[in-house]
Amino acid sequence: MRYLVLSLVLFASLLSFEPSQAQGHPSCAGISRETPMTPECAALIAARPTPNVNRVPVDLGVVSDDRFLMFTRNDVPLYDAPGGQQIDTLVTGYTYVTPVRISNGWAQLATGTWFSLEDARLVSPSTASGVLINGPLDMPFAWVLWEHDATSTPAGLPDRESGRYHRYQVVNIYATVNINGWDWHLIGPNHWTNQKNLSIVYPPAPASFDGRWVGVNLYEQNLVAYENNVPVMAALVSSGLKNGRWDTPTGAFQVGVRLEADRMSGAERQPDYYSLDQVPYAQYFNGLISLHGTYWHDSFGYPQSHGCVNLSVSDAKWLFEYLAEGSVVYVYDS
């Protein structure tokens, strides 16, 4: 069995914990739609223009020397040698492989068969990485999920003069105003943006556990690593597609099997069949559900997986070194 469920005592203590979410900094408490800026808030933004974090070093670790190929057709001819006789056909689905050899436009699989590189393309892992948190958080911070222009007022019209923000940029949440059910966040000097543009990390821990553990926020599509209840690292994730079939299960679990690299596959004989070589830094916590590195997409911040918690390779490596067998993985939907 690849997971251990927490004891009933631990689960009972979890139920008694009531998380809350701060929506900004106390210095900006006077902000509203009618008063979109105050002198106190402007002074805070000038003094602290960015979150007190450092980027997790980019480190591809165990897959740094690997070459990943994605097949570009569903039925790939396999040969006994480069340019040789066809001996089989590979039905690929969503398949990525790490060839053992590449020679003159051909690649060899671990099975010994060859295929033409005309039927595949090279894939490079994302260089995205999360952040290391330097000290206590007194306001939320967030990643920008896509490039966009801010607005000068809550629910205003986007314009370049209000600030251009870029994917994976990290910003403070100084204040929040709710208009017609939508949160509008102050992220810079008279720079406002809608909640849908951000993945937010809130200061309070969502639960209470001893030692090193992680909280996975399915709504915000991010993960925070804690030492007791002190946040030390945060990263964007891609959890399971919310389609009733691949949803990432919520609850409190413990890390079981940990593998530096693993082959993953599933949904055989189905349209969404997948096969992935060399999945790095897998930490299983609920059956076949794991935290793991991801080299095949750069869509962090959005649900994308078949149930696992996808991380950049750099973030997965950091967590692999931080956690251990038995560490708590708490998955929740805020």
- Query: more than 30 Å from residue 197 (Cβ to Cβ) and surrounded by 14 or more Cβ atoms within 10 Å (Cβ to Cβ) - does that describe any residue in the range 122-142?
  - Reply: no
- Scanning the range 83-96 for residues that are under 32 Å from the mean Cα position of the chain (by Cα) and closer than 15 Å to residue 118 by Cβ gives 90, 92
- Starting from residues that are in a loop (DSSP other than H, G, I, E, B) and aliphatic (A, V, I, L, M), keep the ones in the range 85-131 and report whichever is modelled with the highest pLDDT. 128
- Item | Test result for residue 113, surrounded by 11 or more Cβ atoms within 10 Å (Cβ to Cβ) and farther than 30 Å from residue 173 by Cβ | yes
- Considering the range 36-82 alone, what residues qualify as being over 30 Å from residue 114 (Cα atoms), part of a helix (DSSP H, G or I) and either in contact with a Leu (Cβ under 7 Å, 6 or more places away or on another chain) or in contact (Cβ under 8 Å) with a residue 40 or more places away in the chain (or both)? 41, 42, 44, 45, 46
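Does residue 146 count as surrounded by fewer than 17 Cβ atoms within 10 Å (Cβ to Cβ) and among the aromatic types (Phe, Trp, Tyr)?
yes
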- When the range 173-183 is checked residue by residue, the ones that are in contact with a Lys or Arg (Cβ under 9 Å, 6 or more places away or on another chain) and crowded, with 23+ Cβ neighbours inside 10 Å are 174
- Task: Being part of a strand (DSSP E or B), surrounded by fewer than 22 Cβ atoms within 10 Å (Cβ to Cβ) and among the small types (Gly, Ala, Ser) is the filter here, so list the residues in the range 217-244 that pass it.
- Result: 240
- Message: Out of everything in the range 302-326 that is modelled with pLDDT of 95 or more and surrounded by fewer than 21 Cβ atoms within 10 Å (Cβ to Cβ), what residue ends up being farthest from residue 283 (Cα to Cα)?
- Response: 302
- Task: Taking residue 79 as the residue in question, decide whether it is modelled with pLDDT of 90 or more and either exposed (fewer than 11 other Cβ atoms within 10 Å of the Cβ) or hydroxyl-bearing (Ser, Thr, Tyr) (or both).
- Result: yes
- Task: State yes or no: is residue 247 at pLDDT below 95, in a loop (DSSP other than H, G, I, E, B) and either among the aromatic types (Phe, Trp, Tyr) or surrounded by 15 or more Cβ atoms within 10 Å (Cβ to Cβ) (or both)?
- Result: yes
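The values are calculated or read from the model by the stated rules, or taken from the named source; none is laboratory data. None of these values were measured; they are calculated from a predicted model. Here the Cβ is made from the backbone with ideal geometry for all residues, glycine too, and neighbour counts use every protein chain on show.
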